[in-house]
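Quick notes on the structure that follows.
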Amino acid sequence: MVRRLNPLARYPLISFFALTALISWAIWTPIVIRYYRNPFPVSFEETPAYLILLAFLGFFGPTIAALILSGLEGGREEIKRLLSGWKLWRVGLRWYLAFFLSQLAIEFLATQLYIGQSNATPQIDWGNWAGFLPTFLRAALIGGAIAEETGWRGFALPRLQETRSALNASVIIGLIWGVWHLPISLVPGANFPVELNLTLFAVFVLNAVFISIVMTWLYNNTGGSIFVCYLYHALLNTGLLSAIYKFKNLESAWWGKMYYGTVLRGAFALLLVAYFGARWLSRTGENPLESPSA
């Protein structure tokens, strides 16, 4: 394989993270400037269509960077290898149940903790499960899940695991992934339904680290399935219980569930590390993936 002859391909990980930020932030920055010069309502119904398209395009930064660097490393064959993880969907029902049920449990417990702490009395209608499917489809087709995972998990994760443990690779990706969201998070409603502050962003980045650990566990144990990580990412963006629990104070409820969800997801991530091991997050004790340099 012809690779690393180009200066960018010589340092693929540094180049990937830098190029990802450059692409996404260059797209998102004009949106931020536009908002603070002339604030606009942020929703699919009211936001100008060109701004929605720009924001969505910005989320493709990791994928665009991965495709460019894969092409520089090994041309068409390396790009095909990069995208092959999308075809790995026959991984066993247990892995689909694993991320669905774990996320359902985390969301349910986080909601109950918020209710107990705040004495909030939500309207609960379990018959609203039908509202989950269209929301999930929108998150799956028009959102970060489809735009990002080729880069974070398909390109960066296996390369980081060449020289680092699965846990360390997850933490690195999670920290960068979380901070990468900063520009679009400056527009209230674009990434958070509340105004950004330092505490909120710190919790968000920590949550990204915990999610990254869970994603690595899924990726490594499904033979490198980007598709499974994509579905889990879309599920996270959907909110399994958002259609069922309705709170009067939406901002307080969102923040409370975000805080408790992060704590619970952190506990889940620690359990995965303790049981599966930090090296590969896999009980085999060996590298479950083929090295991208092989």
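Values in this text are rule-based calculations from the coordinates and carry no lab data. Here the structure is a predicted model, which means the values were calculated and not measured. Cβ coordinates were reconstructed from backbone atoms using ideal geometry, including for glycine residues, and neighbour counts include every protein chain displayed.
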message = With θ taken as phi - 60° and the coefficients 6.51, -1.76 and 1.60, list the Karplus ³J(HN,Hα) couplings across the stretch 177-188 in order, rounded to whole Hz; mark glycine and proline as x.
response = 4, x, 5, 4, 6, 3, x, 5, 6, 6, 9, x
key: Mean shadow area of the stretch 7-276, taken as a quarter of the surface of its Cα convex hull (nm²)   = 15.0
request  = Express in nm, to one decimal, how much length is gained between ILE124 and LEU53 on full extension, taking 0.36 nm for each residue of separation and deducting their alpha carbon distance.
outcome  = 22.1 nm
query = Points 7 angstrom from Cα along the Cβ direction at ALA274 and GLU77: gap in nanometres?
reply = 4.6
ask   = Relative contact order of the stretch 32-166: what whole-number percent is it, with Cα pairs under 8 angstrom and at least 6 residues apart?
value = 47
ask   = Hey, what did the stretch 7-276 get for relative contact order, percent, Cα under 8 Å, at least 6 apart?
value = 29
In the stretch 1-77, the GluC sites (Glu not before Pro) that fall in loop regions by DSSP, at most 13 other Cβ within 10 Å = GLU45, GLU46
ask   = Once you charge only the Cβ atoms, +1 for Lys and Arg and -1 for Asp and Glu, what is the size of the charge dipole of the chain about its Cα centre, to the nearest 20 debye?
value = 500
request  = Do me a favour and compute the ellipsoid semi-axes for the stretch 69-184 from its Cα gyration tensor, root of five times each eigenvalue, largest one first, whole Å.
outcome  = 34, 19, 15
remark   = Length gained if THR135 through LEU101 is fully extended, taking 0.36 nm per residue and subtracting the Cα-Cα distance, is 10.4 nm
ask   = If you average 1/r over every pair of different alpha-carbon atoms in the stretch 158-204 and take one over that average, what Kirkwood value in Å do you get?
value = 11.9
query = If we count every other residue with Cβ under 14 angstrom of TYR259's Cβ, Lys/Arg +1 and Asp/Glu -1, where does the sum land?
reply = 0
query = Where does each of 171-182, 27-38, 119-130 land if you order them by average Cβ count within 10 Å, highest first?
reply = 171-182, 27-38, 119-130
Residue-count net charge about PHE40 - beta-carbon cut-off 11 Å; Lys, Arg +1, Asp, Glu -1 = +1
remark   = Residue span ASN6 to TYR36: 0.36 nm per residue of separation minus Cα-Cα distance leaves a gain in nm of 6.9 nm
remark   = Ordered by number, the trypsin sites (Lys or Arg not before Pro) in the stretch 74-137 that occupy a DSSP loop and have at most 12 other Cβ atoms within 10 Å are ARG90
inquiry  = Taking the square root of 5 times each eigenvalue of the Cα gyration tensor, what semi-axes in Å does the equivalent ellipsoid of the stretch 7-151 have, largest first?
reply    = 34, 25, 15
ask   = aspartates and glutamates within cross-link reach of LYS257: Cα-Cα under 17 Å, excluding same-chain residues under 8 positions apart?
value = GLU107, GLU195
task = Provide the per-residue ³J(HN,Hα) series for the stretch 67-74, in order, calculated from phi with Karplus coefficients 6.51, -1.76, 1.60 and θ = phi - 60°, each as a whole number of Hz, with x at glycine and proline positions.
result = 5, 4, 6, 5, x, 5, 6, x
query = For the chain, what is the mean residue ellipticity at 222 nm derived from helices alone (per DSSP H run of n ≥ 4: -39500 (n - 2.57); sum divided by total residues; nearest 500 deg cm²/dmol)?
reply = -21500 deg cm²/dmol
